[in-house]
Structure formats: C-alpha cells, structure tokens
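J.: My questions will all concern the structure given below.
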Amino acid sequence: MVRHVWQRDLGTATRLVPGISTLLFAVLSLLPFHIPGFGSIAPSFALMAVYHWTIYRPDLLPLFVVFAIGVLLDLLNGSPYVGLSALVLLLARTAVLAQRRLLIGQPFALLWLGFFLVAAGSFFLEWAFVSIMHVTLLEPRLFIFQTLITAACFPIGSYLLALAHRAVPVAGV
Amino acid sequence: MRLSAPVKAAAQRLTLPFLIFVSALLAILGKADVMLFDRARVVMADAVSPIVEAVGRPIATISEGIAKLEDMSTVYSQNQELREENDRLLQWQETARRLDTENAQLRDLLRFAPQGAVSSVAAQVIADSGGAFLRNVMVNVGARDGVARGQPAMTGEGLVGRVVEVGDRTARVLLLTDINSHIPVTIEGSHERAVLDGDNADQPRLVYIQPKAELTTGERIVTSGSGGAFPPGLPVGVIASVNGEIRVEPYADLARLETLRIVNFGLDGMLSSSAVPSAKPLRGIRVPASDLSH
C-alpha cells in the first residue's frame, strides 16, 4: 500500500518531465557556443522538444506550457517580437499533432525527415514574419542555414529526449 | 467551479485559436516598443542569468578545450607570427610615445580642454540570441556595475555594438550586425560621413553615403560621433567590398565574443530614456580617453 502511494507521487512528478525538458532545451539554445564556423546561429532545441513530446505524449505538454515557453524564449533572446516563438511553436505543435498517427512507431530516418519539414516550415514562418515587419525581404540564407543546423542537431536532441522519456510513466497510468 | 461537459469541450477547442491569436498580437505589438516588454525582458534576464551562467560553464570549458587543441597544433607558426608582430608593435610603441609627447605639447599650446574621464567595465558574454534575425548578446554586468543604455561595447579590436537593455546584473548588447543597428560613421581617409546599417549578415552595409564618394576596400571606418551616442573615432572596421553594396568587415570578431568592455564616455546620447538608469561612472578601471579612441 505504502509503495503504491509512493509510486503515484513519483508518477505525478515525472509527468512534468516533458515541460521541464522543453524549458531546458529552450535555455540550451541561448548558450554561447563558440565553435569555429558555427557563427552565432544556434539550433532551435525547443522545437525538437515540442516535436518529440507532441508525437509521444501531447497530453503532458499542454498548449499553455508551449505558449509560456515560447514567450519566455523570446524574452530571453531579446527578440523585438515577443510571442513570435510562441506562435511558431504552437503552429508546429498543431501540425505535428495532426500527423502524429503517421509518425508514431516509424523508423528514425522518417522521424528525422518529419522534423526537417517542421523546422523548414517554422523558419519560413519566422522569415516571412520578420520580413513583413521590416517591410523588406530579409536574406533567406541565414534562415536556411538555421533550418539545416537545427535538423542536423536533431539526432543529439532526440537521444537526450529519449533518455528523459524513460522517466515518464506510460500513458494511462 | 465545475463546468458542464459541453462548456469544457468548447473551452478546450478554443484554447488553441486563442493562444495563437494572443502570441501573434504580442509579436506585432512588441514592435511598437511597449515599455512592458522591455521591463519583462530585463526582469527575466536578471532572473535566469545565474542558471544560464551555471549551465554555460561546462560548455565554455569544452569550447576552451577545443580552442586549446587548435592552438597546440599551430604553436610553432603562431610563435613565429607573434615574434614578427612583436617587432612591429615595438616600432608602433616608439611612434606612439613620440606622438603622445607631441600631442601633450600641442594640447598645452592650444589650452585644449580634455574629454571627461572615461571608465570601462569588463563583461562576460553569458548568452547568445542564436536566432537568424537576432544579433545580440547578454552580458553579466548591469546597472549595479554602472552600465547604462546607449553605452558602446568594445573588444580590444574595435566596436561591437551598444547597450540596449540594462537589468540589475545583466545587460543586452545589440551587435552592429543586427538589423536594428544604425551607427553613424566616418570613413577615416576621406572624412566622408555614412551610416553603418546591420542586416543580420556578418558584414554590415554602409548606407547614406555621398554618391560621388570614392571608396576603396581596406579603408578604415570609425564612429563619427553624430547624434551624440558614441564619441567620434572609435574603430569599427574596414571596407570589405565596394561592388554594388558597400560592406564593412568589423574589426571585432562578432561570431566569437567572450569578453567585452562596456565603456562610459560620459555622453548622454539620444538613446537615453527616463525609463532606464542614467549614466554614472562605471565601477571598473579608469583609463585615459586617449587609450580608447585611437
């Protein structure tokens, strides 16, 4: 009986894993990586976390959490468009949620391709938004570069998320 | 309060459109420079900076390790280069000493009123914006170190950008490559005025330049001091290309910023606003103005 209660408490705590890991991933993209040739463009780790949890446990990453993390990311980024990341993450979540039945249980290569498409869509949206706000067509090269870097880092992010995923109780428990 | 099932379902259906609407609205409003966002950014930056710094430390160690390995492989050629550079610099030192004396004599002659005391504070870069359309860094000094909005940030090589947000213990520096950065500059040789305009590319553009101005690559660009935000003569970069758009290669390596110097020249430029603390002497080392504006 005692064991049962303890397990339930732990279960509640581990339900926070998706939210916390997404938050940590968002902070990760702020760190100054000084890798030669990497420039100042960082991969969007938050997008990886939203992609992962939306496929496997959308119930544990509610819309409000995605919204809050997006806003926080923009505030920490010093972005003049607070809310843009929230918008992009929410739309990414919506798109992935619609296709999650197709993605569940697929080989990694296909998940990677799916993520690449989501990343491309997200950065296109950012590019279009900032271009409209500046009433000029921004150089798309940087956004393409960020899409490629984000997609290239997906295996690392995916591996870390899979580790975190082990702590999460199975759906329905 | 318990909601009936249909109401609950309707509320759930509306959550997504509502949140999408709110985030889009915020993003558009934010451009209008709402004071609330400025405040929120500063508060969040201050709150999160210890975490970012703690998480960033192992990564900084790894980066340093990589840099050390790189250095090790080139230690011989580097040594050679440094010797040559040292020889050259010794000659410059000689020249500088001579000019310093001459300068002092000429100032005496003119009864020249020297610029106010210049103070600077060293700052560590703790976060990088990382976005494709953002070029800014967060540093670990703020209002308590005397940093104020509008102050220039420099490395030993040249200008990096200016302080745009100041928290208690953090500040944000807008790099001169950011799309929102516009810095009045002078081309050193011809004294031609221009504006250095960021567009997120590594090399910012030179705009508002006289059509008849003749430019060549390699010409030095320094701040002009127009607008009163920066003192004149801070080194910025050199003209890198003149075909079509005129691009400037900054002296400072903006892709690998680790330590910066936030400098207080005692200027109350057009950037100061009542919402941010006004400039006061920085807590760091005091250096004569002549050391900075070369």
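J.: From the list B:Val238, B:Val242, exactly one residue is more than 14 Å from chain A (Cβ to nearest Cβ) and at pLDDT 90 or above. Which is it?
T.: Step by step, each of B:Val238, B:Val242 is checked, and only B:Val238 is more than 14 Å from chain A (Cβ to nearest Cβ) and at pLDDT 90 or above.
J.: State all residues of the range B:19-41 that are at pLDDT 80 or above and more than 9 Å from every other protein chain (Cβ to nearest Cβ); if no residue qualifies, say none.
T.: Matches in the range B:19-41: B:Phe21, B:Arg39.
J.: Starting from the range B:227-256, keep only residues that are within 14 Å of B:Leu176 (Cα to Cα), then list their pairs with residues that are buried (at least 16 other Cβ atoms within 10 Å of the Cβ) and aromatic (Phe, Trp, Tyr) whose Cβ atoms are within a distance under 7 Å, requiring at least 6 positions of separation or different chains.
T.: B:Pro235/B:Tyr251; B:Val236/B:Tyr251; B:Gly237/B:Tyr251
J.: Within the range B:52-63, track down each residue that is at the interface with another protein chain (Cβ under 7 Å from one of its Cβ atoms), under 13 Å from A:Leu30 (Cα atoms) and under 23 Å from the mean Cα position of the chain (by Cα).
T.: B:Val52, B:Gly56, B:Ile59
A quick yes/no check of all residues on (1) more than 10 Å from chain B (Cβ to nearest Cβ); (2) farther than 18 Å from A:Trp127 by Cβ:
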{"position": "A:Ala42", "(1), (2)": "no, no"}
{"position": "A:Ala49", "(1), (2)": "yes, yes"}
{"position": "A:Trp53", "(1), (2)": "yes, yes"}
{"position": "A:Tyr56", "(1), (2)": "yes, yes"}
{"position": "A:Leu60", "(1), (2)": "yes, yes"}
{"position": "A:Leu63", "(1), (2)": "no, yes"}
{"position": "A:Leu73", "(1), (2)": "no, no"}
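J.: Any idea how many residues of the range B:216-233 are within 21 Å of B:Val121 (Cβ to Cβ) and either modelled with pLDDT of 90 or more or assigned by TED's automatic domain parsing to the domain that holds B:Val125 (or both)?
T.: Number satisfying all stated conditions: 1.
J.: So, one more: Please indicate, with yes or no, whether at least one residue in the range B:159-174 is under 20 Å from B:Ser241 (Cβ atoms), modelled with pLDDT of 90 or more, outside the structural domain of B:Ala47 (by TED's automatic domain parsing) and under 12 Å from the mean Cα position of the chain (by Cα).
T.: Looking for residues that are under 20 Å from B:Ser241 (Cβ atoms), modelled with pLDDT of 90 or more, outside the structural domain of B:Ala47 (by TED's automatic domain parsing) and under 12 Å from the mean Cα position of the chain (by Cα), one finds at least one in the range B:159-174, hence yes.
J.: Here is a check on your reading of the model: is B:Ala9 under 30 Å from A:Val88 (Cα atoms), loosely packed, with under 14 Cβ neighbours inside 10 Å and not assigned by TED's automatic domain parsing to the domain that holds B:Leu134?
T.: Judged against the criteria, B:Ala9 is a match.
J.: With the checklist (1) out of contact with any helix residue (DSSP H, G or I) (no Cβ under 7 Å at 6 or more places or on another chain); (2) away from every other protein chain (no Cβ under 14 Å) in hand, flag the one item B:Pro184 doesn't pass.
T.: Condition (1) is where B:Pro184 drops out.
A quick yes/no check of all residues on (1) buried (at least 21 other Cβ atoms within 10 Å of the Cβ); (2) in contact (Cβ under 8 Å) with a residue 60 or more places away in the chain:
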{"residue": "A:Gly121", "(1), (2)": "no, no"}
{"residue": "A:Leu125", "(1), (2)": "no, no"}
{"residue": "A:Phe129", "(1), (2)": "no, no"}
{"residue": "A:Met133", "(1), (2)": "no, no"}
{"residue": "A:Glu139", "(1), (2)": "no, no"}
{"residue": "A:Phe145", "(1), (2)": "no, yes"}
{"residue": "A:Phe154", "(1), (2)": "yes, yes"}
{"residue": "A:Leu161", "(1), (2)": "yes, yes"}
{"residue": "A:Arg166", "(1), (2)": "no, no"}
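The values are calculated or read from the model by the stated rules, or taken from the named source; none is laboratory data. Just so it is clear, the model here is predicted, and its values are computed rather than measured. Methodologically, a virtual Cβ is constructed for each residue, glycine included, from the backbone with ideal geometry; neighbour enumeration extends over all protein chains shown.
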